[in-house]
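A.B. asks: Before I ask anything, let me first share the structure, which is written out below as structure tokens.
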Amino acid sequence: MRECIPMKSNHPFTTSHAPFLTKKGLLGRFLFPFLILVLAGCNDPYSFRIKGEISNLQQADFLVYSLDGSMQHIDTIHVKEGSFSWSTPLSEEAIFYIVFPNQSELTVFGQPGKTARLKGDANELRAIEVTGTDDNEAYTEFRLACLNYSDRQQQEAMKQYIQQYPESHVSIHMQHLLRLQNTGLSNLKIGKKLPKIVLPPDGISGTDTLTLKAGQPVVLIFWASWRRESKYNFFDIQRIKRQVADLPLHRKLRPISISLDLNPDDYASTCRYDSVTWESRCYRQSWSTPIVEQFGIRELPYYVLANDSLEIVALGTDWRNDIQRQVFELIHP
């Protein structure tokens, strides 16, 4: 902070000519602007700010959300000429997720009164650096070191980090990621029964809660409007839905799709255009959709096919090679 040094003046005005130079006036003329400058240089202790500079990006909108209650809705960060600034009220530490136009996500640790600064290149969003707090700088260092690691190598690196820094907020976040990955991998195996699945209303597609019960085969379809290839087989699913209309229940395949869209208008438009007439849900939480985390889904599209006993018979990302043949065997044994 710069020190305020009184300045001498040879101005001929006296206090009688200039009332603002009285004791009270001096406070108003000099102290008040000084306080404004001081306050302008400080962050609001009850808010958190994210500022950034992204090269090779003129204009875009990023989505930002949180799952720990610090935000009640998804918000938008407007980028102009590569720069942006966004803030939100915050009274305790939180984790925010920024969704880029390519739907990749960036984790940002928030602290009241702090500013996280993002810097990077739009052509390499994975390598964006986040500074401004110890947690963000530590997590950035970890992310950049693991950019080219396989999933297994990343898991091992996280375990080592947790062992070395067990009390850090970064470690707590990593523990959460590991639990999700391990649970998902163990829950999705051919020959194993589907875990209990309950899909509550999403506020868009319907008012009923969807539950799975034995007696009918089911295919779960994970997709998003921004992943074009995840919609390529909607026509095939629609055709199968017509074929099974008159079949007995144990052969009547039940398609249920879960969209990872964040924008409800994009989701609704795709459903209309691509004739998604089967049961569908969109919770506008992207990769943090509860069932996506439960299963550890990391690719789109992704299909999970189960028979009438809800035993998984096929799963994968390729409809024609991974799923289609098993579907026909279920409906035309």
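Bear in mind these aren't lab numbers, they're just calculated from the coordinates by the rules spelled out. Bear in mind that the values here come from a model prediction, so they are computed numbers and not experimental data. Quick reminder, even Gly has a Cβ in these numbers, built from the backbone with ideal geometry, and neighbours come from all protein chains shown.
A.B. asks: Using +1 at the Cβ of each Lys and Arg and -1 at the Cβ of each Asp and Glu in segment 80-198, identify which of His176, Met158, Ile190 lies farthest towards the dipole's positive end.
C.D. replies: Ile190
A.B. asks: Hey, what did segment 186-333 get for relative contact order, percent, Cα under 8 Å, at least 6 apart? All intermediate terms of the calculation are to be shown ahead of the outcome.
C.D. replies: Details: 272 pairs, mean separation 46.2, N = 148.
This gives 31 percent for segment 186-333.
A.B. asks: With N residues in segment 198-331, what two-decimal value do you get for its Cα radius of gyration over 2.2 N^0.38 Å? Write down the numbers at each step before the final one.
C.D. replies: Values: Rg = 13.8 Å, N = 134, 2.2 N^0.38 = 14.1 Å.
Dividing the Cα radius of gyration by 2.2 N^0.38 Å gives 0.98.
A.B. asks: In percent, what relative contact order does segment 47-148 have, based on Cα pairs under 8 Å that are 6 or more apart in sequence? Please report the intermediate quantities before stating the final value.
C.D. replies: Numbers: 217 pairs, mean separation 29.1, N = 102.
With pairs under 8 Å counted, the relative contact order is 28 percent.
A.B. asks: Could you tell me the relative contact order of segment 262-333? Use alpha-carbon pairs under 8 Å, at least six residues apart, and round to a whole percent.
C.D. replies: On the way: 52 pairs, mean separation 12.9, N = 72.
The value is 18 percent.
A.B. asks: Which value in Å is the Kirkwood Rh of segment 142-262 over different Cα pairs? If you can, show how the numbers build up before the last one.
C.D. replies: Details: mean 1/r = 0.0554 Å⁻¹.
Result for segment 142-262, one decimal place: 18.0 Å.
A.B. asks: Follow-up. Restricting attention to segment 285-315, which GluC sites (Glu not before Pro) occupy a DSSP loop and are surrounded by at most 14 other Cβ atoms within 10 Å? Before the final figure, lay out the partial values.
C.D. replies: Details: sites: Glu293, Glu299, Glu311; in loops: Glu299.
For GluC sites (Glu not before Pro) across segment 285-315 that sit outside H, G, I, E and B with at most 14 neighbouring Cβ atoms in 10 Å, the list reads Glu299.
A.B. asks: How long is segment 47-148 along each principal axis, judged by its Cα atoms, biggest number first, in Å?
C.D. replies: Per principal axis, max minus min of the Cα coordinates gives 34, 29, 20 Å.
A.B. asks: Give, as a single signed number, the net charge of other residues whose beta carbon lies under 13 Å from the beta carbon of Asp308, with Lys and Arg counted +1 and Asp and Glu -1.
C.D. replies: On the way: positive: Lys193, Lys213, Arg251, Lys252, Arg254; negative: Glu311, Glu329.
Net of charged neighbours comes to +3.
A.B. asks: Quick one: check the C-alpha center-to-center distance for segment 292-311 versus segment 39-110, whole angstrom.
C.D. replies: Cα centres, segment 292-311 to segment 39-110: 31 Å.
A.B. asks: Work out, in µm²/s and without decimals, the Stokes-Einstein translational diffusion coefficient of segment 273-333 at 10 °C, 1.306 mPa s, Rh from Kirkwood over C-alpha pairs.
C.D. replies: Values: Rh = 13.3 Å.
Rounded, D is 119 µm²/s.
A.B. asks: Would you work out which of Gly110, Asn123, Ile95 lies farthest towards the positive end of the dipole of segment 88-141? Charges go on Cβ: Lys and Arg +1, Asp and Glu -1.
C.D. replies: Most positive-ward Cα: Asn123.
A.B. asks: From the phi of every residue in segment 93-110, what ³J(HN,Hα) in whole Hz does the Karplus formula 6.51 cos²θ - 1.76 cosθ + 1.60 yield, where θ is phi - 60° and glycine or proline is x?
C.D. replies: Karplus-based 3J(HN,Hα) across segment 93-110 equals 4, 8, 10, 10, 10, 9, 9, 7, x, 7, 6, 6, 10, 10, 8, 10, 8, x Hz.
A.B. asks: Using the Cα gyration tensor of segment 158-229, with a ≥ b ≥ c the square roots of its eigenvalues, what is the shape: rounded (a/c below 1.5), prolate (a/b larger than b/c) or oblate (neither)?
C.D. replies: Here segment 158-229 falls in the prolate category.
A.B. asks: Moving on to the next point. Quick one: what are the phi-derived ³J(HN,Hα) couplings along segment 74-88, Karplus 6.51/-1.76/1.60 with θ = phi - 60°, whole Hz, x for glycine and proline?
C.D. replies: Result, rounded to whole Hz: 6, 10, 10, 9, 8, 9, 10, 6, x, 10, 7, 8, 9, 9, 8.
A.B. asks: Just add up the charged neighbours of Gln216: K/R +1, D/E -1, any other residue whose Cβ is under 10 Å from the Cβ of Gln216. Walk me through the intermediate numbers first.
C.D. replies: Working: positive: Lys213, Arg251, Lys252, Arg254; negative: Asp308.
Summing Lys/Arg as +1 and Asp/Glu as -1 gives +3.
A.B. asks: Tell me which residues come under 5 Å, amide H to amide H, from Ile77 once H is placed; ignore anything under 5 positions away on its chain.
C.D. replies: Excluding prolines and chain starts, which carry no amide H, the hits are Phe62, Leu63, Val64.
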